[in-house]
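The structure appears right after this line, and notes come after that.
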Amino acid sequence: MGNVTEDHTFAVDRLPRAGETRLARSHRTELGGKGLNQALILARADIATRLVAPIGRDAPGRAARAMVAAEIPGATLIETDAPTDRSIITVAEGGENSILSTAAAARSMTPAAAVAALADLSPGDTVLLQGNLTRPTTRSVLELARARRAATVANPSPIEWDWTPLWPLLDLVFVNAPELAHLSGARDTTGGCRALLDLGLRELVVTLGADGALAASREGTVSVSAIAVEPVDTAGAGDTFCGAYLAATLRGRSPEAALGIAASAAALTVGRPGTHGAFPDRTELSACFGDQVASS
């Protein structure tokens, strides 16, 4: 359950400074949003996936409906009076990016509407959320999942409110290093992981850019190195990592194996421009999984 956006990506030689206007080398428009992105990776990894997301009654909303029908059958796209959310992504040479997004459509999802959309949630299901929904809606979904004995996963980005009361309701959380520091108040990765685990979180996956990634729980910590790749555009790489890691764990892989699979999938995204256009397809994800994922 999350958001859908229309992404406008501008390629520049370097990111603009405060007050500066720069000319872009190119511009591309495609669908994105952390909710749609992560659902797409899960579906391409042959995980039975259902996306619940609000969209506007506009051209981007219609485009999202067509894409979802082709790749994520059975999705619930809820029309709202707000326009479909949009993101402006500026990508510099070397892959560094900055992203500015709207969230009126995502925040229009009320707790009642969210709970109603998950009426068939069952034991053994997994609910994945991001930071685009409101805190009351997020809490309602997590409480419903706990009551239905479903697993709970979150990627709390963008961070717009305090997640501290929700850690005990979550089984798995994905963050990058700056997000971990913001959420935990700790200056180092080890201290940040310990702080969130002590507050009731069960497992935490931290992406560390060129330093790789780690998975931490009360049982210990495992890590993998980053895969060497010439970065073209890092936008969407975190969503690829999240979806691939979750798919791997749902298929019974260990945290260490899941980290390796997710790192391989994210490296493919980093090496290409755009978001959806850069995501690995089913065949490429199959290779990341060691041919354990069907390529159909």
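Listed values, structure above:
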quantity	calculated
For Thr234: the one exception among (1) among the hydroxyl-bearing types (Ser, Thr, Tyr); (2) out of contact with any strand residue (DSSP E or B) (no Cβ under 6 Å at 6 or more places or on another chain); (3) farther than 22 Å from Ser217 by Cα	(2)
Cβ pairs under 9 Å, 6+ apart, first in the stretch 94-113 and under 18 Å from Arg57 (Cβ atoms), second at pLDDT below 90 and among the small types (Gly, Ala, Ser)	none
Every residue from the stretch 172-209 that is β-branched (Val, Ile, Thr) and either under 22 Å from Ile227 (Cβ atoms) or crowded, with 16+ Cβ neighbours inside 10 Å (or both)	Val173, Val175, Thr189, Val205, Val206, Thr207
Candidate set: the stretch 227-263, residues that are buried (at least 24 other Cβ atoms within 10 Å of the Cβ) and either of a type in the set (Lys, Arg) or not in a helix (DSSP H, G or I) (or both); chosen: the one farthest from the chain's Cα centre (by Cα)	Asp233
Breaking point among (1) surrounded by 17 or more Cβ atoms within 10 Å (Cβ to Cβ); (2) more than 17 Å from His8 (Cβ to Cβ); (3) more than 17 Å from the chain's Cα centre (by Cα), for Ala39	(3)
Unique residue being over 27 Å from Thr134 (Cβ atoms) and out of contact with any Cys (no Cβ under 6 Å at 6 or more places or on another chain) when the list is Ser26, Ser87	Ser26
Condition check for Arg86: without any contact (Cβ under 8 Å) to a residue 24 or more places away in the chain and either charged (D, E, K, R) or part of a strand (DSSP E or B) (or both)	no
Residue in the stretch 71-79 that is at pLDDT below 95 and in a helix (DSSP H, G or I) present	yes
Matching residues in the stretch 87-121 - criterion: being more than 27 Å from Ala235 (Cα to Cα), surrounded by 15 or more Cβ atoms within 10 Å (Cβ to Cβ) and of a type outside the set (A, V, I, L, M)	Thr110, Pro111
Single residue of the stretch 4-37 satisfying the filter (of a type in the set (Ser, Thr, Tyr) and part of a strand (DSSP E or B)) that is farthest from Asn155 (Cα to Cα)	Ser26
Residue within the stretch 215-226 that is outside any helix (DSSP H, G or I), modelled with pLDDT under 95 and crowded, with 23+ Cβ neighbours inside 10 Å present	no
Evaluation of Thr269 against (1) in contact with a Ser or Thr (Cβ under 7 Å, 6 or more places away or on another chain); (2) modelled with pLDDT under 95; (3) surrounded by fewer than 17 Cβ atoms within 10 Å (Cβ to Cβ); (4) not aliphatic (A, V, I, L, M) (one fails), failing number	(3)
The lone exception for Ala257 - which of (1) farther than 28 Å from Thr5 by Cβ; (2) touching a Leu at 6+ places or on another chain (Cβ under 7 Å) it fails	(2)
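The values are calculated or read from the model by the stated rules, or taken from the named source; none is laboratory data. Note that the coordinates shown come from a computational prediction; the quantities given were computed from them, not determined experimentally. Virtual Cβ from ideal backbone geometry, glycine too; neighbours counted across all protein chains shown.
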